[in-house]
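This report refers to the structure that appears directly beneath it.
The values are calculated or read from the model by the stated rules, or taken from the named source; none is laboratory data. Note that this is a predicted model, so its numbers are computed, not measured. Backbone-built Cβ (ideal geometry, glycine too); neighbour counts: all protein chains shown. We work out accessible area using only protein heavy atoms, side chains counted, and drop any ligands, DNA or RNA first. Shrake-Rupley method; radii C 1.70, N 1.55, O 1.52, S 1.80 Å.
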Amino acid sequence: MTSRQLPPPSEHRRIEGFGKQALETGRNRLLVTAAVIAIAFAGIGARLVDLTVIGGTEQDDRATLTTQPPALVSRADIVDRNGVVLASSLPTASLYADPSEVIDPEDAAEKIAGVFPEIDAEKLARHLGGDGRFIWIKRNLTPEQQLEANRLGLPGFDFVEEERRIYPHGPLNAHVLGATDIDGNGISGVEAYFDQRLRQSAKPLALSLDVRVQSILRAELSAAVTEFKALGGAGVVYDVRTGETVALASLPDFDPNDRSSYVGEARFNRATKGVYEMGSTFKLFTAAMALDSGTVDMQGGYDATQPIHIARFTISDYHAKKRWLSVPEIIVHSSNIGAAKMAVDVGGAGQQAYLRKFGLLRDAALELPEIGHPLTPSTWREINTMTISYGHGIAVTPVQLAAAIGSLVNGGVLRPATLIKHEDGAPVAGEQILSKETSDKMRQLMRLVVAKGTGRKAEAPGYFVGGKTGTAEKQFGGTYRKKALMSSFVGTFPINDPRYVVFVMVDEPVGNKRTFNYATGGWVAAPVVGRVISQIGPLLGIVPGRADEEPLTLPLIDEERMKAPKIATSGMVKKASVSSGVVRPVSKPKPSTTIEIRTPPPPPVPKKAAAPPDGGPPGETPDERIARKTREALEQAFAAQ
């Protein structure tokens, strides 16, 4: 058996020394490598500290401006009076690119254009090859579009979260809500007026609109515009107790979800921005100011036998009766002659004072940026007083007219129109501008128009509508065109306890076979108001009454008035100055006498009448004086021009 022989001790020590030396060398190399890595990480860390702590603010701002999309700003919802969402914001993804990170601009542009055909690949390639750090590719993507773009896997492209404003009801509330731009900034309507409020508060903005009423009003207005081949139309439903605008429509309109439809005439809000001569609806204001000031009473009236000739102009009646007309008959038969004489009795100063009270000489205080300014005469002459009495020579907005009519029927209180929901129990703003007695008389007159006058087609069974027709010729180049009409009707219901005013206007309707080619307010707009009231009455909780029971005692007119028994009248007869409208009693009261209502009592003519102080001929009647002074005023106006 042989044993293994160990190396000599000297050789063993030599081998052990080589191993230790190699081990030491490896250890030193590791230490050096670790030191280099530590220094590198320390440098990187120092640079990060410098970027984020020392110079962080300046660099962050620059990065946000040049390489990042705008920050997301949430916008509050808009709801109707019942909480129905009218406008809301949904989260969406938008695609952007950093050109500095795009490897092949041409290839990337072609692939992007394959997903979004509306994008010009050549133009996009030029932008991607530029020196910028941020460009939008496509904003507000649908989930499908985002998925397709993400599948491309292109370097330098990424998504950012944004919000898109949506309007669930499309064009239904377009002119009230308005629109936002692609960055979510309000540019019209409520979106613009309450832009800061919608940005700063998450609480929904509650409007006075009722989307159900709005839908009915717009549908009926649209049907009328289509049937009569009109240029457009406007409609308002106004709450006479609170001033809330329950519905407001203007046609043509637009779809706020489709920005391409927000162009041309569709952007114009006829209900709040457009100012129009309202025609015979203004006769209601003329009657109200005459009754309220004591210039005339319900039994009084004016001679409408002959037209009023003023220089080369003539004021005549469309439905001429050619006789003396009482105040109710002037309204029922829509007499321009009677209204003009009534207004002259009130006087120009008195007319202006009342129109100012009605809010018709100032801008409406509605919460919209699109508000029209009333057009009024620069110099208010007697001829202006006469034409304004029947709605010519002054132009106002439909929403102004609706609120002013509300004050005629709600007890004489003017409540500014508003688009904000009125909270239950909160005080209601308002100003007493007419006596309650005058308001009661105006309700009688308005009911008479629908029951027996030009507004019969506005009747809604059970809701007892009162109102007034309006037909005004439009001006073009300072000349009125008989075939270019603005046909309207303003109604209120129920007339015994008014709750709402409904106004409808149709711009340049064309008569058809059904209307015997008539295009006046009674044929065009009145039926629309009747249909609207019939549908919205039940929705608004108004219980219809018995159609065969008239709720108001109506004044007698025409044959009924002429056949009525004689009544006793007091000698304290009121007379009115033609120029000033001052009401004064006769100097010597006479004992009570009995007269017929058939004709007005003839003024006593003395045997030797002295000439009036203003230079008129002796024995001149009040009607002759009115015609003379009006003619003189016109001649002076023409001479001045």
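Annotations
- Each principal axis of the Cα cloud of the stretch 434-506 was taken in turn, and the coordinate range along them, longest first, works out to 43, 29, 21 Å.
- Given charges at Cβ of Lys, Arg, Asp, Glu: the stretch 106-231 dipole, positive-most of Ile182, Leu217, Val160: Leu217
- Portion, in percent, of the accessible area of the stretch 127-281 that falls on carbon or sulfur, probe 1.4 Å: 50 percent
- Gyration tensor (alpha-carbon) shape descriptor, the stretch 329-473, a/c threshold 1.5: oblate
- Karplus-derived 3J(HN,Hα), 6.51/-1.76/1.60, for each residue of the stretch 319-324, Hz, glycine and proline x: 10, 5, 9, 6, 7, 5
- HN-Hα J in Hz across the stretch 482-499 - Karplus 6.51, -1.76, 1.60, θ = phi - 60°, x for Gly and Pro: 5, 8, 9, 9, 10, 9, 8, 8, 10, x, 9, 8, x, 5, 6, 8, x, 10
- In a simple Cβ point-charge model (Lys, Arg +1; Asp, Glu -1; nothing else charged), the stretch 350-433 has a dipole of about 280 debye relative to its Cα centre.
- Note on the stretch 128-175: with charges restricted to the Cβ of Lys and Arg (+1) and Asp and Glu (-1), its dipole about the Cα centre is near 120 debye.
- Using θ = phi - 60° and Karplus 6.51 cos²θ - 1.76 cosθ + 1.60, couplings along the stretch 193-200 (whole Hz; Gly, Pro as x): 5, 10, 4, 5, 4, 5, 7, 9
- Cross-link check: pairs Lys283/Lys482; Lys138/Lys203; Lys229/Lys321; Lys341/Lys436; Lys273/Lys452 evaluated at a Cα-Cα cut-off of 27 Å; pairs beyond the cut-off: Lys138/Lys203; Lys229/Lys321; Lys273/Lys452.
- For Ile135, the residues whose amide H sits under 5 Å from its own are Ala97, ignoring neighbours fewer than 5 places away on the same chain, with H placed 1.01 Å from N.
- Evaluated with a Cβ-only charge set (Lys, Arg +1; Asp, Glu -1), the stretch 328-371 carries a dipole of roughly 200 debye about its Cα centre, given to the nearest 20.
- Between the amide H of Lys273 and those of Gly372, distances stay under 5 Å, these residues lying 5 or more places away or on another chain, with hydrogens modeled in the peptide plane.
- The residue among Ser280, Ala247, Asn269 whose Cα reaches farthest toward the positive pole of the charge dipole of the stretch 239-295, with charges on the beta-carbon of Lys, Arg, Asp and Glu, is Ser280.
- Between amide H atoms placed 1.01 Å from N, distances below 5 Å from Ile310 occur with Ile315, all of them 5 or more places distant or on a separate chain.
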